[in-house]
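Everything on this sheet refers to the single structure shown next.
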Amino acid sequence: MSVFRTPQIVLFSADVPRAVAFYTRLGFTETFRVPTDGEPIHVDLTLDGYRIGIASVRSIQDDHGLDPVPDGQRAAVILWTDDTAAAWSRLIADGAPALAAPHPWLDRLLIAWTADPDGNPIQIVQHR
């Protein structure tokens, strides 16, 4: 019998409001914020039942004694879509970096790569 439930990924950010704004533009909805007023140290966002958290690097260090790597390719966020090329083009036009243009993979998927403002890779993927 499992004792775990409701898995979630938390990404560390040097600028929580910037990261929240980025994921909100992708369609995520804010579901939790600490503190409720002022500069947040942690925000949870949800899209299609999947929850992603954005936590302040400073808070993780000060409140929990951890030493997170604040940027770079530590994890990837995978976003399924019906039109990889259009979604990727929209993100690039909005200023996201173009890590890899849309390309076929495994003869059944079309994928492209960009990144969030903290450098976490984002894969945009669709069935071909």
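Relative to the current alpha-carbon distance between THR46 and ARG108, full extension at 0.36 nm per residue lengthens the span by 19.6 nm.
Across the chain, Cα-Cα distances exceeding 19 Å account for 52% of all pairs. Once the Cα atoms are used to define both axes, helix 16-25 deviates from the longest principal axis of the chain by about 30 degrees. Its residue count N fixes a reference of 2.2 N^0.38 Å for segment 1-70, and the Cα radius of gyration divided by that reference is 1.14. Taking the helices alone, the chain has a mean residue ellipticity at 222 nm of -6500 deg cm²/dmol, built from -39,500 (n - 2.57) per DSSP H run of at least 4 residues and averaged over all its residues. Once the Kirkwood radius over Cα pairs is known for segment 71-127, the Stokes-Einstein relation at 37 °C and 0.692 mPa s delivers a diffusion coefficient of 294 µm²/s. At a probe radius of 1.4 angstrom, the accessible area of the chain per residue rounds to 61 square angstrom.
Nearest 10 degrees is fine. How inclined is helix 84-93 to the longest principal axis of the chain, computing both from alpha carbons? Computed tilt is about 60 degrees. State the Cα centre-to-centre distance between segment 69-114 and segment 1-62 in whole Å. Spelled out, the Cα-based centre of one part sits 20 Å from the other.
The values are calculated or read from the model by the stated rules, or taken from the named source; none is laboratory data. It should be emphasised that the depicted structure is a prediction, and the values quoted were computed from it without experimental measurement. Accessible surface areas use protein heavy atoms only, side chains included; no ligands, DNA or RNA. Shrake-Rupley method; radii C 1.70, N 1.55, O 1.52, S 1.80 Å.
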